[in-house]
Amino acid sequence: MNLRQKDKAFIWHPYTQEKTACDNIVMVRGQGAYLYDEAGHRYIDACASWWTNIHGHAHPYIAEKIGEQARQLEQVIFAGFTHPTAIELAVQLLKTLPIGFSKVFYSDNGSTAVEVAIKMAMQYWRNKGEERTRIICFRDAYHGDTFGSMSVSARGVFTEPYTRLLFDVVFIDTPDFENGKQVIEQFQVVIKGTSDIAAFIFEPLVLGSSGMKMYSAELLDQLLTICAENNIITIADEVMTGFGRTGKLFAIEHLNQIPDIICLSKGITGGFLPFAATITKQFIYDAFYADEKFKMLFHGHSYTGNPLGCAAALASLEVFEKENTLKKIAMIVSSHQAFASRISTNKAIRQVRHCGTILAMEFHSDAQGYLSDIRDRMYSYFMSKSIMLRPLGNVLYILPPYCISESDLQLIYQTIEDFTVDIL
Ligand SMILES: *Cc1c(COP(=O)(O)O)cnc(C)c1O
């Protein structure tokens, strides 16, 4: 059997209908914004390998730091024990985030970062002796694939098989740039009508998986102000937006209000290792800090605070400084901006949305949504041009590693324009 056949025989892939899917492409090497398959063919990774890769593939500095850590200390139980890299990473994360956060809780991926945040919010109220158990979320939210994170996510194709098992939440309309007043009214109605709201969870500025839906910082600030006035815990899920995606290091830097909890993952290790952090303000931590044992946070994973993940995350933060990554990000932002105005009048496209390094184009299509037909056509077209783009239904988006060159960006833009000529 060759590699493709063995893969087909022995591996079950995520988000894949294995019966109808093409063979998986075997990637053997990565460098910068490129991936190389077993035949030596080169692809531009224009979706940053599921939004994780920020500094480029196989970045030598991060690889080196992981290697050093692996030879020194690869893993240690994180209850009763700690290690220097985890401590240094917490210090650096808190230094890098806007002022107001004070405790870092480590886990393994975006979904667990959200689970931890939900459990913190729930137990916070319990420890305080208040009966508050419901969470407000946006109707199109995506916060992960575990049961808690699915519960606070949109009810749709992703969650359909499990709907009965998800806990009850309060959905409000997803904001865009037109319905702001309506969303705020809905929010106020919910809060007036009940006293059991524990928390509000949101993807700041960009709802990723539901199709790069965007809304304004002003609106989010207004919602956060209402939460502050009503003692509702605010949870910013920056799993996708964190580490530069929106043009600033964190999306919450676009806000005046600082949320109470922030969830980070995906880009946190530069795209090297599964790792996450849930970071809170002091008052959350204080509600668990007690003489009674039952008030402790009942959560942890085997690999909580894994030294390799910590080393990668620390190295990734250093790369931001060393390579002046924010300048590269600014270059992408202005290129995207120019292309966005060029493509916005294209007849194949219904709406162009742009936030920082994310550029999304919603195509006209009959069957909309994640399972839309045009999705497969777009995917195959760009793969045939050696560009990895993974449309969300009829929404094509570019979300590149920050090391991508200006000429590769132009090539992607040109290929998108060619595609629209082909389908019109
Ligand atoms: C991807 C994502 C998650 C889930 O992260 P995983 O690492 O895939 O579990 C949660 N929230 C947001 C906003 C995401 O984009």
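Things worth noting here:
- Comparison of GLU203, GLU238, GLU185 shows that the only residue that is of a type in the set (Asp, Glu), surrounded by fewer than 24 Cβ atoms within 10 Å (Cβ to Cβ) and assigned by TED's automatic domain parsing to the domain that holds PRO307 is GLU185.
- Residue in the range 261-271 that is open to solvent by less than 40 Å² (accessible area, probe 1.4 Å) and of a type in the set (S, T, N, Q) present: yes
- Subset of the range 131-153 (residues that are more than 12 Å from the ligand (Cβ to nearest atom) and part of a loop (DSSP other than H, G, I, E, B)): GLU131, ARG132, THR133, ARG139
- Being modelled with pLDDT of 95 or more, crowded, with 17+ Cβ neighbours inside 10 Å and either within 17 Å of GLY32 (Cα to Cα) or of a type in the set (Lys, Arg) (or both) is not true of ILE416.
- Some residue of the range 85-98 being of a type in the set (A, V, I, L, M) and part of a loop (DSSP other than H, G, I, E, B): yes
- When the range 162-186 is filtered for residues that are part of a loop (DSSP other than H, G, I, E, B) and either more than 26 Å from the chain's Cα centre (by Cα) or aromatic (Phe, Trp, Tyr) (or both), the ones remaining, listed by number, are PHE167, PHE177.
- Test result for THR174, within 15 Å of the ligand (Cβ to nearest atom) and without any contact (Cβ under 8 Å) to a residue 24 or more places away in the chain: no
- The residues of the range 241-255 that are open to solvent by 10 Å² or more (accessible area, probe 1.4 Å) and either of a type in the set (A, V, I, L, M) or in contact (Cβ under 8 Å) with a residue 60 or more places away in the chain (or both), listed by number, are GLY247, LYS248, LEU249, GLU253, LEU255.
- All positions within the range 151-161 that are closer than 18 Å to VAL114 by Cα and either among the polar types (S, T, N, Q) or open to solvent by 40 Å² or more (accessible area, probe 1.4 Å) (or both): SER151, SER153, ARG155, PHE158, THR159
- VAL189, sole failed condition from (1) away from the ligand (no atom under 16 Å from the Cβ); (2) part of a loop (DSSP other than H, G, I, E, B): (2)
- Of all the numbered requirements in (1) touching a residue at least 40 places away in the same chain (Cβ under 8 Å); (2) open to solvent by 40 Å² or more (accessible area, probe 1.4 Å), ALA33 misses one, and that requirement is (2).
- Any hit, the range 91-106, residues being in the same structural domain as MET296 (by TED's automatic domain parsing), within 16 Å of the ligand (Cβ to nearest atom) and either open to solvent by less than 40 Å² (accessible area, probe 1.4 Å) or under 13 Å from THR269 (Cα atoms) (or both): yes
- Those residues of the range 206-235 which are within 14 Å of the ligand (Cβ to nearest atom), of a type in the set (Ser, Thr, Tyr) and open to solvent by 30 Å² or more (accessible area, probe 1.4 Å), in sequence order: SER210
- The residues in the range 383-393 that are open to solvent by less than 10 Å² (accessible area, probe 1.4 Å) and either without any contact (Cβ under 8 Å) to a residue 24 or more places away in the chain or touching a His at 6+ places or on another chain (Cβ under 8 Å) (or both) can be counted, and the count is 1.
- Here ILE349 does not fit the description of being surrounded by fewer than 20 Cβ atoms within 10 Å (Cβ to Cβ), touching a residue at least 40 places away in the same chain (Cβ under 8 Å) and either in contact with a Gly (Cβ under 6 Å, 6 or more places away or on another chain) or within 28 Å of GLY32 (Cβ to Cβ) (or both).
- Among the candidates ALA58, ALA48, residue that is in contact with a Leu (Cβ under 7 Å, 6 or more places away or on another chain) and either closer than 30 Å to GLU406 by Cα or among the β-branched types (Val, Ile, Thr) (or both): ALA48
- Out of GLY242, GLY270, one residue alone is within 16 Å of the ligand (Cβ to nearest atom) and on the phi > 0 side of the Ramachandran plot. It is GLY270.
- Which listed residue, of ILE201, ILE258, ILE191, is within 15 Å of the chain's Cα centre (by Cα) and either over 16 Å from TRP51 (Cβ atoms) or of a type in the set (D, E, K, R) (or both): ILE201
The values are calculated or read from the model by the stated rules, or taken from the named source; none is laboratory data. Bear in mind the structure is a predicted one, so any value in this text is a computation, not a measurement. Note that each Cβ is placed from the backbone with ideal geometry, even for glycine, and that neighbours are counted across all protein chains shown. Accessible surface areas use protein heavy atoms only, side chains included; no ligands, DNA or RNA. Shrake-Rupley method; radii C 1.70, N 1.55, O 1.52, S 1.80 Å.
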